[in-house]
Amino acid sequence: MQICLSFDQQLMEKYDARGSPLFFGIAWEHEGAYYPDKAWMDFGAVIVDWWLSTVIHLWRGSNSDKFQFMDGPYLIEAEYDPRSGMVELKPENLDITWYVPLTKIVEELVSAAEKICRELGRIGIARETQVGLEKFINQLKVELRNGENPILIYNTFVN
């Protein structure tokens, strides 16, 4: 499972110049299937921010949530099983189900957010967006370091 990103500097600068959220390529990929599409374009920094909030919600004990896209009617339903640490992902309007460890989703989203931050820094645009993403990245890293892993917490109560 990975979050695929592609950046068009001129397009991103155009959106930034008019004060709009940044628009770039972003898609989920797992086992060769892409969602919504390999070449999907969306307001990537905004939705990665949303997705980071979603994993924090799951990480802190929610059993279900959604990874939503901004452009179009696209979302991925997520059902979390704290006993196994697995998340069942069901992309809307796609007849597949993915099973991915929550830790892998966290790693991929942190990696995607870091790539976005590096690209924004390289281009020199959207500093506020970069700061917001860095805040979420740091929050997740602190929770990981502090051992606030729901799998470990669950196993403590069960065993």
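Report the gain in length on full extension from T103 to A33: 0.36 nm times residue separation, minus Cα-Cα distance, nm rounded to one decimal. Don't skip to the end; give the middle numbers.
Numbers: separation 70, 0.36 × 70 = 25.20 nm, distance 2.02 nm.
That pair, T103 and A33, stretches by 23.2 nm at full extension.
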On the Cα set of the stretch 51-135, report Rg and Dmax in Å, please. 14.4, 43
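Given all pairs of different Cα atoms, what value in angstroms does the Kirkwood hydrodynamic radius of the stretch 1-93 take?
Details: mean 1/r = 0.0708 Å⁻¹.
About 14.1 Å, per the Kirkwood formula over Cα pairs.
Please state, rounded to one decimal and in Å, the Kirkwood hydrodynamic radius that the chain gives when every pair of distinct Cα atoms enters the mean of 1/r. Intermediate values should be presented prior to the final figure.
On the way: mean 1/r = 0.0615 Å⁻¹.
With all distinct Cα pairs of the chain included, I get 16.2 Å.
Which FRET efficiency, nearest 0.05, do K66 and L11 yield, Cβ-Cβ r, R0 35 Å? Before the final figure, lay out the partial values.
Numbers: r = 27 Å, r/R0 = 0.77.
Between K66 and L11 the formula returns 0.85.
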Once the other residues with Cβ under 13 Å from the Cβ of Q130 are scored (Lys, Arg +1; Asp, Glu -1), what is the net sum? -1
Taking trypsin sites (Lys or Arg not before Pro) in a DSSP loop with at most 14 other Cβ atoms within 10 angstrom as exposed, one finds the longest site-free stretch of the chain at 84-159
With unit charges on the beta carbons (Lys and Arg positive, Asp and Glu negative) and the dipole taken about the Cα centre of the chain, which residue among H30, V106, M70 sits farthest to the positive side? V106
Amide H within-cut-off set for Y74, under 5 Å, with H built and near neighbours excluded: F69
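Which FRET efficiency value, to the nearest 0.05, do you get for R127 and K90 by plugging their Cβ-Cβ distance into 1/(1 + (r/R0)^6) with R0 = 25 Å?
Details: r = 36 Å, r/R0 = 1.44.
Given R0 = 25 Å and the Cβ-Cβ separation, E is 0.10.
Only the coordinates and a few stated rules stand behind these numbers; no lab work does. These figures come from a predicted structure and were not determined experimentally. Reconstructed Cβ throughout: ideal geometry from the backbone, glycine too, with neighbour counts over all protein chains shown.
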